[in-house]
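Below you'll find the structure, written out as structure tokens, and then a few comments.
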Amino acid sequence: MPRSSIIANWKMNKLQAETAAFMDALAVETLPQQLSLGICPPFTSLPIVRAKLASVGPHLQLGAQNCADASAGAHTGEVSAAMLKDAGCSFVLIGHSERRSLYSESDKRIAAKLELALAQGMQAVFCIGETQEQRDAGETERVLRGQLQTGLSAEIRPTAATLLVAYEPVWAIGTGRTAAPEQVQEVLAIIRDELAILFGRPIAAEMSLLYGGSVKAENIASFAAVGADGALVGGASLQADSFAALARAYADAKGLS
Ligand code: PGA
């Protein structure tokens, strides 16, 4: 059975003092132990989260929101996968739609990032999703299969432990609009089918497929019910109480404690 994960993507939010306050507040929340939790703070807050990870518990992992598509050298402003590992990250988000659209990340760059992250022994959370225009044009399946095919080559030889896929419809991110559970169910089946074509059925069956896009404590059960193995959460992950409530709601829906 795929492992369940709830991952916080803080995007470009929180100064160091705010990060410390979040971690202190999370440490006193009741959190489900059978769920893997992750926090992706901005780079400047990585050391703060790292220093306070143990106060929350062993099921909390530190992640980054992005990594460079090169391993070292003349890449001003970039942070390599090796640096992230050195900073205590055990996973990294790759190909978030904001990276694709606001920073013009191509499929080729995204594939290179993923390869470098895996080569460092980090887990990669590969993000894919269609725009509203693509959905309206009936292109959702073609777009998602294409993102999987171009971002994930057979040579990366992932396992269910090293690669997670997050389905985040672009039109649902930060908008308050969520995909209907039936839409999520349909897409998760497409993703698992494409992963089986790429890597074989046994690996595909074990990979965790997350949903992202305006997820909160009040709606996460509906995604859990249609097979999402967890969620990638932006807005609702910025406060410790709403993040903890979301984790508890997911665990309740899945019968985890
Ligand atoms: P949201 O962001 O939960 O604020 O919609 C999700 C994401 O971008 O990962």
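The values are calculated or read from the model by the stated rules, or taken from the named source; none is laboratory data. Since the model is a prediction, treat every value here as computed from it, not as a measurement. As a convention, Cβ positions derive from the backbone with ideal geometry for all residues, glycine included, and neighbour counts pool all protein chains shown.
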key: Leu37 being under 16 Å from Ala244 (Cβ atoms), touching a residue at least 12 places away in the same chain (Cβ under 8 Å) and within 16 Å of the ligand (Cβ to nearest atom)   = yes
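Could we say that Asp136 is of a type outside the set (Gly, Ala, Ser) and closer than 26 Å to Ala180 by Cα here?
Working: of a type outside the set (Gly, Ala, Ser): yes; closer than 26 Å to Ala180 by Cα: yes.
Taking the combined requirement at face value, the residue satisfies it.
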query = Taking segment 227-241 on its own, how many of its residues are in a helix (DSSP H, G or I), surrounded by fewer than 22 Cβ atoms within 10 Å (Cβ to Cβ), within 11 Å of the ligand (Cβ to nearest atom) and in contact (Cβ under 8 Å) with a residue 40 or more places away in the chain?
reply = 1
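One line per residue, one yes/no per condition, for (1) at pLDDT 95 or above; (2) touching a helix residue (DSSP H, G or I) at 6+ places or on another chain (Cβ under 7 Å); (3) under 14 Å from Gln239 (Cβ atoms); (4) surrounded by fewer than 19 Cβ atoms within 10 Å (Cβ to Cβ):
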{"site": "Arg3", "(1), (2), (3), (4)": "no, no, no, yes"}
{"site": "Asn13", "(1), (2), (3), (4)": "yes, no, yes, yes"}
{"site": "Gln16", "(1), (2), (3), (4)": "yes, yes, no, yes"}
{"site": "Thr19", "(1), (2), (3), (4)": "yes, yes, yes, no"}
{"site": "Met23", "(1), (2), (3), (4)": "yes, yes, yes, no"}
{"site": "Cys40", "(1), (2), (3), (4)": "yes, no, no, no"}
request  = Identify the single condition in (1) surrounded by fewer than 17 Cβ atoms within 10 Å (Cβ to Cβ); (2) within 16 Å of the ligand (Cβ to nearest atom); (3) free of Cβ contacts under 8 Å to residues at least 40 places away in the same chain that Thr76 does not satisfy, given that it satisfies every other one.
outcome  = (2)
remark   = Note on Pro41: of the conditions (1) under 14 Å from Met122 (Cα atoms); (2) within 14 Å of the chain's Cα centre (by Cα), unmet is (1)
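For every residue, the table says whether it meets (1) within 16 Å of the ligand (Cβ to nearest atom); (2) crowded, with 20+ Cβ neighbours inside 10 Å; (3) touching a residue at least 40 places away in the same chain (Cβ under 8 Å); (4) part of a helix (DSSP H, G or I).
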| position | (1), (2), (3), (4) |
| --- | --- |
| Ile203 | no, no, yes, yes |
| Lys216 | yes, no, no, no |
| Ser222 | yes, no, yes, yes |
| Phe243 | yes, yes, yes, yes |
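Could you check segment 205-214 and list, in sequence order, the residues that are outside any strand (DSSP E or B) and away from the ligand (no atom under 14 Å from the Cβ)?
Listed by number, the residues that qualify are Ala205, Glu206, Met207, Ser208.
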